[in-house]
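Colleague: Before I ask anything, let me first share the structure, which is written out below as structure tokens.
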Amino acid sequence: MLDECIEGLNIRPDGIYVDGTLGRAGHSAEIAKRLTTGHLYCIDRDIAAIQAARDKLAAWMDRVSLIHGNFTDLAQLLAEAGVSAADGMLFDFGVSSPQLDDPTRGFSYMHDAPLDMRMDQSQPLTARTVVNEWPQEELRRILYQYGEERYAPAVAGAIVRARGQAPIETTAQLVEIIRSAMPAQALREKQHPAKRTFQAIRIAVNDELTAAERVIGQAVPLLNKGGRLCIITFHSLEDRIVKMGYAGFVKGCTCPPDFPVCICGNKPSLRLVNKKPILPSEKELEENPRSRSAKLRIGEKR
């Protein structure tokens, strides 16, 4: 959703912008080329993305700063970079294509690889730990809550039984265990039987839902008046968090509904640029099928 994001940011040539999820640097390149005296701060927890961006953004490095870090620490990272406020911020909560396409990272159920799934490969928690060490009830919970897997109890039980025989080391092993737990009708569905389980484990490994909640609370106060916040999500759980996070800043007041007058003093600090999420165009869906579940929500600082 490159064009929609660039339009949504309403970029000024002299503005300060943040790409909180650098990834392949596609969004960053389009932002940077529109700046003159402005500056772009790019954040990513994956050091491979930072390293690759040096080549992708080479033509504009005079107006770009690359920051290796987690956007959940947004306020701290920007303070350390000397940034007190920004005119626009962009966050793309999806897994980057390089991470999905690199078989060694363990994100994909289409390739055999060690169970990893870490966006930041310096963190200790891996998918192998989740699969082999987390209690069955916790596995069931994340599969149901994060993956919306209706066969969560059966899949969790199959994982625990399999690891009781020998540790589960690879994505291919996990896929076969998931298949073994599914009823025949589920295996005939168009969607890959392991998709929801892999999504759930990835979210757990990278603590993605907590990250979504934290970044909204930090980003809005750091925007200048008129600054835009663009967030892309790829599943309903994240979109719900973004929608509710925006709503809190749009409403402002945090007093209980039965209070006759406001006593908290909080004023609305955000307006919704699009009341309904922006969805991918037909052209984008043809060129990038992975964007099918993407939703873009844009807010503007009041």
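Colleague: Which ³J(HN,Hα) values in Hz, rounded to whole numbers, follow from the phi angles of segment 21-38 under the Karplus curve 6.51 cos²θ - 1.76 cosθ + 1.60, where θ = phi - 60° and Gly and Pro get x?
Modeller: Each residue's phi maps through the Karplus curve to give 9, 4, x, 7, 6, x, 5, 4, 4, 5, 5, 4, 5, 8, 9, 10, 9, x Hz.
Colleague: Accessible area per residue, 1.4 Å probe, Å², for the chain: what's the number?
Modeller: 48 Å²
Colleague: Shifting gears a bit: Please give every one of the lysines within straight-line cross-link reach of Lys267, meaning a C-alpha to C-alpha distance under 26 Å, and leave out same-chain neighbours fewer than 8 residues apart.
Modeller: Qualifying lysines at Cα under 26 Å: Lys225, Lys243, Lys251, Lys275, Lys276, Lys301.
Colleague: Another question, if that's okay. Under 18 Å Cα-Cα from Lys283, which lysines qualify once same-chain neighbours fewer than 8 residues away are excluded?
Modeller: Leaving aside lysines fewer than 8 places away in the same chain, those within reach of Lys283 are Lys295.
Colleague: Can you tell me the order of 280-289, 121-130 when each peptide is scored by its average per-residue count of other Cβ atoms within 10 angstrom, highest first?
Modeller: Final packing ranking: 121-130, 280-289.
Colleague: Normalise the Cα radius of gyration of the chain by 2.2 N^0.38 Å (N = residues in it) and let me know the number.
Modeller: Cα Rg divided by the expected 2.2 N^0.38 Å: 1.07.
Colleague: With a 10 Å radius around each residue's Cβ, average the other Cβ atoms per peptide and rank 59-66, 136-143, 24-31, highest first.
Modeller: With the highest mean Cβ count within 10 Å placed first, the list reads 24-31, 136-143, 59-66.
Colleague: Which three semi-axes in whole Å describe the equivalent ellipsoid of segment 59-153, each the square root of 5 times a Cα gyration tensor eigenvalue, listed largest first?
Modeller: The equivalent ellipsoid of segment 59-153 has semi-axes of 33, 17, 13 Å.
Colleague: Further question: In the full protein assembly as shown, how much of His111 is accessible to a 1.4 Å probe, in Å² to the nearest 10?
Modeller: Accessible area of His111: about 80 Å².
Colleague: Now for a different question. Could you compute how much accessible surface Arg163 exposes when probed at 1.4 Å, giving the result in Å² to the nearest 10?
Modeller: 50 Å²
Colleague: Give me the percent of DSSP beta bridges within the chain that run antiparallel, rounded to the nearest 5.
Modeller: If we restrict to bridges inside the chain, about 40 percent are antiparallel.
Colleague: Could you bin all the Cα-Cα distances of segment 183-278 into 10 Å bins starting at 0 and give me the percent of pairs in each, rounded to whole numbers?
Modeller: Per 10 Å bin, starting at 0, the Cα pair percentages come out as 12, 34, 27, 16, 8, 2.
Colleague: State, to one decimal in nm, how far the label point of Arg141 lies from the label point of Leu272, with both points 7 Å from Cα in the Cβ direction.
Modeller: 3.1 nm
The values are calculated or read from the model by the stated rules, or taken from the named source; none is laboratory data. Keep in mind the model is a prediction, meaning the values are calculated, not measured. Please note: Cβ atoms are built from the backbone with ideal geometry, for glycine as well, and neighbour counts cover all protein chains shown. To get the accessible areas, we keep the full protein, side chains included, count just its heavy atoms, and leave off ligands, DNA and RNA. Shrake-Rupley method; radii C 1.70, N 1.55, O 1.52, S 1.80 Å.
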